[in-house]
Every structure is written in structure tokens, then in C-alpha cells.
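Notes to accompany the following structure.
Every number in this text was worked out from the coordinates using simple rules, so none of it is lab data. Bear in mind the structure is a predicted one, so any value in this text is a computation, not a measurement. All Cβ positions, even for glycine, are placed from backbone atoms using ideal geometry, and neighbour counts span all protein chains on display.
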Amino acid sequence: MNVLILCELSGQLRRRFYDAGHNVMSCDTQPCDDPEHPSAVCHYEGDAIELLEQSVEWDLIIMHPPCTALTVAGNHKYAKDKPGYTERLKAIQWTVKLWELAKLKGARVCLENPVSVVFQHLKGAIVQYIQPHDYGEDASKRTGLALHNLKPLKPTKRIPGRIVNGKERWANQTDSGQNKLGPSPTRAKDRSKTYDGIADAIVNQWGGLESC
Ligand SMILES: C[S@@+](CC[C@H](N)C(=O)[O-])C[C@H]1O[C@@H](n2cnc3c(N)ncnc32)[C@H](O)[C@@H]1O
């Protein structure tokens, strides 16, 4: 399959699709994090929309567009009447353009974001919510997948959380349910890296035409 991964610098999906024998390319405005992997030569450093505009057709396009202004967790800063609202509107406009272009250039498309205001603007999208702890990870992070011509991703292995005051919590969470990662220069990047278990499921389930 010809697979395009947009807004990925970790190489989590590019490496796996490459290792599974697919023709894959990734794109991010930043250099990739895995220059030593043979598939790193298939990383394009540049703008996702410009790349899509110049692209021919792909069998599968997977996108992880920036979510800072889109996530509902940022409503205190980006909601209507908040200082970042214009930034949110611009982010919605950019992501909708990305989605529309991807549907033109890709037979199957997935756009990933956390719980986000953008999904209601993506025409024709079937939105599925997944959790890393349903894919073999000891972690909680509700994640939305907007799908076009793709079957929902099936859970692979559930990791139960610890019980705190009757509530389930995972290793990346404090007892009160907050994320444990403290402030650091790489916090945003660390939090946005695609989980191994989810990347494995995507390649195994969508890397074969029979599942589509
Ligand atoms: C939420 S992170 C996704 C990270 C991804 N899950 C991974 O494992 O690498 C969003 C990514 O979009 C990239 N990005 C931002 N603007 C972009 C653009 N115009 N074109 C391509 N990538 C862009 C950022 O550099 C960042 O790596």
C-alpha cells in the first residue's frame, strides 16, 4: 500500500508501515526523531497541506494535526470570548482544509485528535473514540479518530487500571486523574507521541486491504 502519515515526527507509524513492507512517507514541519531508521529517508520536512496539494493518490492517509487550540482541555484559553479564540478559528479552518484535501488524495483517511472541537466540522467523518489502555498500554488518554472509508479500530488488549476511591486510574495518571508528566521543554512532544499499542493496531488492522 502507499501510505502517507502527516504531522508525525516520532516515526511511530512510518517505521511500522515500512517494516511491514509498505511504501510509506511521513511529513512534519520538524525533523524526524528517528534519523537512524532506514525509513527516515521517507520523512519530508515541510507543510502537510503543501505536500498534499502536490501529491498524487494514496491508499491510506493518517494525520495527527496540532491540537493545542482545538482540544476541549484548552477551552479556558481558546473558547469563545477567551484570548485564544481567533487562534482556535484559524486551527479549525486549517484542519478542515487538511481533511478535505486528504479525502481528495486518499482512498482511506484517518485524522487523530484528542477530544476536540474540530470533529463536528469534518464533513462525512465517522468519529470513533479510543483509549490506549484498550491497546495494551498502561495509560489513559481519550483520543478521537475521524474516519473516512475505514472500519473503526478494534481494541487489542485491555490493561486494567488501579482502583482509587472506586475509580480506575492508569500509570500516566495521579490518583486524582491528572496527567503525571510535569512541566518540561519536551512535555507537549512526549504527550503527543502515538502509543506503541495504538500504532501496532493501526498497521495490523489498516495495513491490510481486507479490513477496509
Ligand atoms: C500533536 S503532534 C503529533 C505527533 C505525532 N503523534 C507523533 O507521534 O509524532 C502535531 C505535529 O504536527 C506538526 N505540525 C505542525 N504544523 C504542521 C504543518 N503545517 N505541517 C506538518 N506538520 C505540522 C508538529 O510539528 C507536531 O509534530
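What FRET efficiency do you get for THR156 and LYS82 if R0 is 45 Å and r is their Cβ-Cβ distance, rounded to the nearest 0.05? Walk me through the intermediate numbers first.
Working: r = 38 Å, r/R0 = 0.85.
Plugging the Cβ-Cβ distance into 1/(1 + (r/R0)^6) gives 0.75.
Computed from phi, the 3J(HN,Hα) profile of the range 148-153 under the Karplus parametrisation 6.51, -1.76, 1.60 (θ = phi - 60°) reads 10, 6, 10, 7, x, 5 Hz, with x in place of Gly and Pro. Of the residues HIS76, HIS148, HIS64, the one that moves most in a GNM of the chain with alpha-carbon contacts below 10 Å is HIS76. A Förster distance of 45 Å, applied to the separation of the beta-carbon atoms of LEU181 and GLU100, puts the FRET efficiency at 0.85. Separation of the alpha carbons by more than 24 angstrom is noted, of LYS123/LYS167; LYS77/LYS141; LYS90/LYS123; LYS123/LYS151; LYS77/LYS189; LYS90/LYS189, for LYS123/LYS167. Cβ-Cβ distance of TYR44 and ARG142, R₀ of 25 Å, FRET efficiency by 1/(1 + (r/R0)^6): the value works out to about 0.25. Under 5 Å between amide hydrogens, built in the peptide plane, is the criterion, and for VAL24 it picks out VAL3 among residues at least 5 positions away or on other chains.
For the chain, modelled as a GNM whose springs connect Cα atoms under 10 angstrom apart, the maximal fluctuation among LEU89, LEU13, LEU145 occurs at LEU89.
Sum -39500 (n - 2.57) across every DSSP H segment of at least 4 residues in the chain, then divide by the residue count to get the 222 nm mean residue ellipticity, nearest 500. Please list the in-between numbers first.
Working: 6 runs with 57 residues, N = 212.
Only helices count here, giving -7500 deg cm²/dmol.
With the Cα gyration tensor of the range 130-171 giving a ≥ b ≥ c as the square roots of its eigenvalues, does the rule (a/c under 1.5 for rounded; else a/b larger than b/c for prolate; else oblate) give rounded, prolate or oblate? Judged from the Cα gyration tensor, the range 130-171 comes out prolate (a/c at least 1.5, a/b above b/c). In the range 1-57, the alpha-carbon atoms span a convex hull of 64 Å³ per residue.
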